[in-house]
Every structure is written in C-alpha cells, then in structure tokens.
Amino acid sequence: MRLALDNVTVSYQRHPAVHHVSGGFAMGEATAIFGPNGAGKSTLLKAMVGALKPDQGKVTMEGMSRKDIAYLPQQSEIDRSLPVTVLELVATGLWHQSGPFGKLGRPGMGRALDALEQVGLADFAPRTIAALSSGQFQRVLFARILLQDARVILLDEPFNAMDAKTTHDLLQLVKRWQQEGRTVIAVLHDEEQVRQYFPHTLLLAREVVAWGDTRNVLTVDKLRRAVETAAHWQARAPICQTEGVEA
Ligand code: ADP
Ligand code: MG
C-alpha cells in the first residue's frame, strides 16, 4: 500500500496554495502536518480526498482507493444546521457499504450505536446534531470515522478549540488506530501533541519545508524557515498568469 504526493500543486484562482509537494506517507504510522496559518494544510488534505483537483502533479495511491480514506474536515467547514440526529450522522460512515439511500438495517444501526458508545455518547443517539457542544460534535465525528473502519484516516485540526478531556479521549483513539496499523495523517497546531503521538511530520509552508522523523523536523531552525517561507508566499501572492486581481 502506498500513498504519495507527486509534484502536487493546487491553486485557487491561479494562486498556488500548495506548491510542488512531493513525498510519501509512512503507511501504518502517524504523520502530523504542521505549519503556519494559510500554509496550505487543509488544501492538501482536500486534494488527497479528491475534493480539489491538483492543477499539476498527482496523488498516487497503490493498493488502495479513495474508499480506504476517512476524512474529518475542519469543524468550521461543517454545516451543523442539517436536521439529522446524532445516530443518523454517525451512520453515514457506512455509506461506502450501503450507498446513501441504502437501508442500514439493524446491524448497521447496532454498529453506529457501538461507535457512539466508544466515544461516550450513546445516550445522545436520538438528539439532533445542532444540540451538541463542539466537543460532543467532534466525538460524534470520530464515531463516524470508527464506523468507516478506513485504513487511512485524515484529520484536519481535530483538537482545535476542544476541551482537555475531549482532546485526551480522542487522542487515545488516534493512538489505538496506530496500534491497529492504520495510517493517520492529522493537521495539528500543538507541538507537544505532535511530539508525543506523531512519529512523522510534514512541515508545510505551501512548499515542503521538511518531511520525516518528527524529532528532525520540529527543530527551531526548520520551524523558523516555515514561518519565513509562509510570510514570503503571503507577501508576493504569486499568480500563474495575469488573470483576475485578488487581494
Ligand atoms: P491552512 O489550512 O494551512 O491554514 P489553507 O489550505 O486553508 O491553509 O489555505 C491556503 C491558502 O489558500 C491561503 O492563502 C488561503 O487564503 C487560500 N484559500 C484557502 N481556501 C480558499 C478558497 N476556497 N478560495 C480561495 N483561496 C483559498
Ligand atoms: Mg486549515
């Protein structure tokens, strides 16, 4: 199984957000994606799940397909006004088996309930998702990932604005996924979390600043270089061709 980026460039209105990124993810292990705001971290994950199309290069998958990837977007990108219950949302994790209009039946519902139980929210099954706190909602999204049973799990800032208990509990799931041999790739902002739970790090500032063992990547020098590179990109706002004017 292989998941790699081959010279991937992704742009918005011709402004590259991710620029010529190449490298392979360590399979069966955990990699953190680290970098300043606006470094292209979310954009890279979206390209990996096929939500954005690279304008150059490609995401290479060998021995796996998109169905093997579970993806948790940044919470700010999720519409919580949908009139669905907690159990229904978790059950969408089985869509790759049942199809969006397929019937889940009792076994499916049982598995969804079991996943909710594992994140400590079994009692919340019949509630609407709008009634949850952000920490509870994140637990529900983790339950959905549990149900998906994917070999590769992508998480975009999963612990952002989470309380300490939620962060701790969800980190235990990440640890378990690693022990089960799954590949976890997570955008994180907390250096300590990265050092403790993620043996590999991709340090991104639109381009790859460093990619390898966390100890060798999260050095003072490289972190400084990431900030400088990101600022450089921000300042010159490059564009591929003169077309349209952007702030
Ligand atoms: P990160 O997740 O590292 O904070 P993003 O991938 O969200 O970074 O963004 C990278 C760059 O792309 C930023 O300059 C951001 O403003 C820009 N960008 C992100 N999403 C869009 C979009 N939908 N339209 C235009 N520009 C975007
Ligand atoms: Mg982001």
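Evaluate the relative contact order of the chain (contact order divided by residue number), counting alpha-carbon pairs under 8 angstrom at least 6 apart; express in whole percent. Write out the running numbers ahead of the final one.
On the way: 435 pairs, mean separation 68.2, N = 247.
Normalised by residue count, the contact order of the chain is 28 percent.
Please say if segment 68-150 is rounded, prolate or oblate, where rounded means a/c under 1.5 for a ≥ b ≥ c the square roots of the C-alpha gyration tensor eigenvalues, and otherwise the choice is prolate for a/b larger than b/c and oblate otherwise? Intermediate values should be presented prior to the final figure.
Working: a/c = 1.43, a/b = 1.24, b/c = 1.15.
In terms of gyration-tensor shape, rounded.
Taking 30 Å as R0, compute the FRET efficiency from the Cβ-Cβ separation of ARG127 and ASP149 and round it to 0.05. Walk me through the numbers before you get to the answer.
Details: r = 24 Å, r/R0 = 0.81.
That pair, ARG127 with ASP149, gives E of 0.80.
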Working from Cα positions, state the angle (0 to 90°, nearest 10) between the long axis of helix 220-236 and the longest principal axis of the chain. 80
A chain fully extended from GLU117 to GLN234 at 0.36 nm per residue, minus the present Cα-Cα distance, gains in nm 37.7 nm
With each pseudo-label sitting 7 Å past Cα toward Cβ, what's the GLN97-GLN74 distance in nm, one decimal? 3.3
Label point 7 Å out from SER134 along Cα-to-Cβ: which residues of segment 146-165 have amide N under 13 Å? 157-164
So what are the ³J(HN,Hα) numbers for segment 143-160, from phi and the Karplus equation (6.51, -1.76, 1.60; θ = phi - 60°), rounded to whole Hz, Gly and Pro as x? 4, 4, 5, 4, 5, 5, 6, 7, 7, 10, 10, 10, 10, 9, 6, x, 10, 5
If we sort 152-158, 67-73 on the protection proxy, mean other Cβ atoms within 10 Å, highest first, what's the order? 152-158, 67-73
Considering amide H positions built from the backbone, and no H for Pro or chain starts, which residues 5 or more places from ASN160, or on another chain, come under 5 Å of its amide H? none
Please give the helix 105-118 orientation as an angle from the longest Cα principal axis of the chain, in degrees from 0 to 90, rounded to the nearest 10. 60
With point charges of +1 on the Cβ of Lys and Arg and -1 on the Cβ of Asp and Glu, referenced to the Cα centre of the chain, which listed residue (TYR71, PRO16, TRP211) lies farthest in the positive direction of the dipole? TYR71
Inter-label distance for ASP221 and GLN172, nm, one decimal - labels placed 7 Å from Cα along Cα-to-Cβ: 4.0
Amide H of ILE33: which non-local residues (sequence gap of 5 or more, or other chain) have their own amide H closer than 5 Å, using H built in the peptide plane? ALA186, VAL187, LEU188, LEU202
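Rounded to the nearest 20 Debye, what is the dipole magnitude of the chain about its Cα centre when Lys and Arg each give +1 and Asp and Glu each give -1 at the C-beta?
340
Charges at C-beta only: +1 for Lys and Arg, -1 for Asp and Glu. How large is the resulting dipole of segment 68-150 about its Cα centre, in Debye rounded to 20? List each step's numbers first, then the result.
Values: 7 positive and 8 negative charges, 38 e Å.
Using Cβ point charges on Lys, Arg, Asp and Glu, segment 68-150 gives about 180 debye.
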Ellipticity estimate at 222 nm from DSSP helix runs (n ≥ 4, -39,500 (n - 2.57)) divided over the chain, nearest 500: -11000 deg cm²/dmol
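Coordinate-derived values only; no laboratory data. Since the model is a prediction, treat every value here as computed from it, not as a measurement. Cβ atoms come from the backbone with ideal geometry, glycine included; neighbour counts cover every protein chain shown.
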